1. If you build a Gaussian network model of the chain, linking Cα atoms that sit under 10 Å apart, which residue out of 98, 257, 121 swings the most?
2. Scan the chain and report its longest stretch carrying no GluC sites (Glu not before Pro) that are both in a DSSP loop and have at most 14 other Cβ atoms within 10 Å.
3. Using the Karplus curve 6.51 cos²θ - 1.76 cosθ + 1.60 with θ = phi - 60°, work out ³J(HN,Hα) for each residue of the stretch 96-107 in order, rounded to whole Hz, and write x for Gly and Pro.
4. Along the Cα-to-C-beta direction of residue 251, a point sits 7 Å from the Cα; which residues of the stretch 194-224 have their amide N less than 18 Å from that point?
5. The stretch 183-280: which trypsin sites (Lys or Arg not before Pro) are DSSP loop and have at most 15 other beta-carbon atoms within 10 angstrom?
6. Going by amide H atoms built from the backbone, whose H comes under 5 Å of the H on residue 85, apart from near neighbours?
7. Could you give the spread of the C-alpha atoms of the stretch 5-324 along their three principal axes, from largest to smallest, in whole angstroms?
8. Work out from phi, with θ = phi - 60° and the Karplus expression 6.51 cos²θ - 1.76 cosθ + 1.60, the ³J(HN,Hα) of each residue of the stretch 126-135, listed in order in whole Hz, and give x for Gly and Pro.
Amino acid sequence: MITPIADVATAIDQILDSATADPIENGQKTLEINGDDPFQFVVAWGEEHSRRELEPELLNPKSRECFCDWAKWAGEEALNVSDHTQAGVLRRRSKAHLFSASCGPEPCSENFADMLALAELLTSSHLCTLNLPGSGASGPQHFHTQIMPLSLRDAGKQVPNQIHRLLDNIKAKPNGMTLDSGVVICELDSPVWGVRLEFPKTMSASQIGKKLFSSVHQGIRYGSQLRLSYNVYVRWNVRPRVVDVTIRSSAHECPFLGIDTKAAIENVRWRWGWLECIGGLPARSAAFADSSVYDHHFWQRVYSRMTLTNDIKQSVLNRISELLI
Ligand SMILES: [Zn+2]
């Protein structure tokens with residue numbers, strides 16, 4: 001049975017509006033590292049959580065766990081947004097997930113249309129973000145996205161949380177290119193390079209989702225034979241029709257592999273996802289508490305490993321422009 005999308009949005013808004021804890025802190029210690037430029041990294045550390053540090057080739061039960069088993073591990077039924085997409089509301093974490101209705105394994109155009117259609121209806125302060133294998137996903141190749149609160153309830157008021165502040169790290173270059181279709185493309189200058197796509201008012205949210213699928217998922221991810229990966233950020237209630245996409249090499253999904261981290265940290269296979277791309281670092285290791293060693297310069301060096309070459313950046317811009325013309 002399909003749940004009307006407006007009802008799904010209402011259920012998610014209720015959960016996001018009731019968040020009282022900062023999702024990035026989640027009971028852990030945090031350390032803010034500010035550089036000379038107006039850039040902020042937030043490092044959180046606490047209990048070991050190995051899921052995103054597992055080597056998928058070892059076929060561990062946790063690394064094989066997929067969202068199709070939502071009811072089993074979330075303890076409640078998922079809602080059917082469409083024939084292709086389900087929504088799971090995670091009350092204890094004050095967030096929601098969207099995922100493929102069946103073991104795909106690949107995302108499809110309708111998943112992206114549903115994601116944007118839902119984002120348009122949410123009234124709470126929210127972020128819709130997409131992780132995929134090669135860009136930080138902790139599960140098998142599927143469409144899966146998270147819908148996070150960007151504020152928390154404190155003394156009866158809604159105040160911005162850490163993720164909200166980290167999103168300010170994403171900066172677009174001022175001179176965008178306007179295509180014949182009315183789509184505007186700007187380069188992103190976040191620690192991880194990317195593009196900001198602003199879609200015209202003549203396009204519906206679902207149409208925007210389908211365009212995002214054909215230009216970024218098919219055009220860039222499939223076009224590069226999966227060597228390029230991406231994360232998507234949508235805050236429709238703040239910037240309607242604007243989609244930020246950070247793009248990097250799948251080979252650098254674990255940026256610590258092959259880098260001198262100055263200490264024998266255990267989570268060298270840490271797969272970096274959407275949160276790390278904007279400067280949120282749930283390090284899970286107390287070693288990172290030493291900000292004299294793991295300083296701003298250190299983190300900048302790690303990010304520089306993930307930065308695409310100028311040739312590749314230009315190819316990405318050309319390909320997306322061709323597909324959105
Ligand atoms: Zn599955």
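Derivation of every value follows stated rules applied to the coordinates shown; laboratory data play no part. The model shown is predicted, which means the values in this text are computed figures rather than measured ones. Here Cβ is always computed from backbone atoms with ideal geometry, including for glycine, and neighbour counts include all displayed protein chains.
1. Looking only at 98, 257, 121, the biggest GNM fluctuation is shown by 257.
2. Longest gap between qualifying sites, sites excluded: 78-265.
3. Result, ordered by residue: 9, 10, 10, 8, 5, 6, 9, 5, x, x, 8, x Hz.
4. Residues passing the 18 Å test: 221-224.
5. Taking the stretch 183-280 and a limit of 15 other Cβ atoms within 10 Å, the loop trypsin sites (Lys or Arg not before Pro) found are 201, 227, 262, 269.
6. 101
7. 51, 47, 44
8. Running phi through 6.51 cos²θ - 1.76 cosθ + 1.60 with θ = phi - 60° gives 9, 10, 9, 9, 10, 10, 9, x, x, 9 Hz.
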